[in-house]
Amino acid sequence: MSYPSAIAIFPAVGKVAERRLAALDEIACMTEAMMALAEEGDWDALPKAQAARDAALRACFSAPLTEDDALIAADKIQRLLRQNEALVRKVAEAKDKLSQDMQRTKQDYKAVSAYLA
């Protein structure tokens, strides 16, 4: 017979809470680095950076914070959300530009093909 387990999750306090709040700052830096990758057009490196950031976010939110620390975290999370929105816009812009470039290339190919025919 199995018994349901009840594991109490206590809020992070003291040094643990400080490390988790600092981790949010590190995640913000990771997001800035991802924005730099997008601006440089380094699309191969971006998914790896995204995976690392996702893992850091999951680790950061593994246990609740105290109410006071949660208020500090909320401000940091708002910053992360703004950064992420900017990153998503940058990626969408790059995708649109790539689509336009591809369309232009198709038109150029048709024009050259027509000329050579």
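The values are calculated or read from the model by the stated rules, or taken from the named source; none is laboratory data. On a predicted model such as this, the values are computed, not experimentally measured, just so you know. All Cβ positions, even for glycine, are placed from backbone atoms using ideal geometry, and neighbour counts span all protein chains on display.
Filtered by the rule that a residue be assigned to a helix (DSSP H, G or I), hydrophobic (A, V, I, L, M, F, W, C) and farther than 20 Å from Asp44 by Cβ, the range 95-117 gives Ala111, Val112, Ala114, Leu116. Which of the residues spanning the range 82-112 are surrounded by fewer than 11 Cβ atoms within 10 Å (Cβ to Cβ) and either touching a Phe, Trp or Tyr at 6+ places or on another chain (Cβ under 9 Å) or closer than 30 Å to Arg20 by Cβ (or both)? Selection gives Glu85 alone.
Select from the range 27-79 the residues that are in contact (Cβ under 8 Å) with a residue 12 or more places away in the chain and either in contact with a Cys (Cβ under 8 Å, 6 or more places away or on another chain) or of a type in the set (Lys, Arg) (or both) and list them in ascending order. Those that are in contact (Cβ under 8 Å) with a residue 12 or more places away in the chain and either in contact with a Cys (Cβ under 8 Å, 6 or more places away or on another chain) or of a type in the set (Lys, Arg) (or both): Ile27, Arg53, Lys76, Arg79.
Take Ala94 and decide whether it is more than 21 Å from Cys29 (Cβ to Cβ), among the small types (Gly, Ala, Ser) and modelled with pLDDT of 90 or more. So Ala94 passes the test. Looking at Arg20, Arg53, just one residue is among the basic types (Lys, Arg), at pLDDT below 95 and within 26 Å of Leu71 (Cα to Cα), and that residue is Arg20.
Within the option set Ala49, Ala73, Ala56, Ala38, being touching a strand residue (DSSP E or B) at 6+ places or on another chain (Cβ under 7 Å) and surrounded by 14 or more Cβ atoms within 10 Å (Cβ to Cβ) holds for one residue only, Ala73.
Within the bounds of the range 99-117, is there any residue that is within 23 Å of the chain's Cα centre (by Cα) and either aliphatic (A, V, I, L, M) or modelled with pLDDT of 95 or more (or both)? Checked the range 99-117: no residue is within 23 Å of the chain's Cα centre (by Cα) and either aliphatic (A, V, I, L, M) or modelled with pLDDT of 95 or more (or both).
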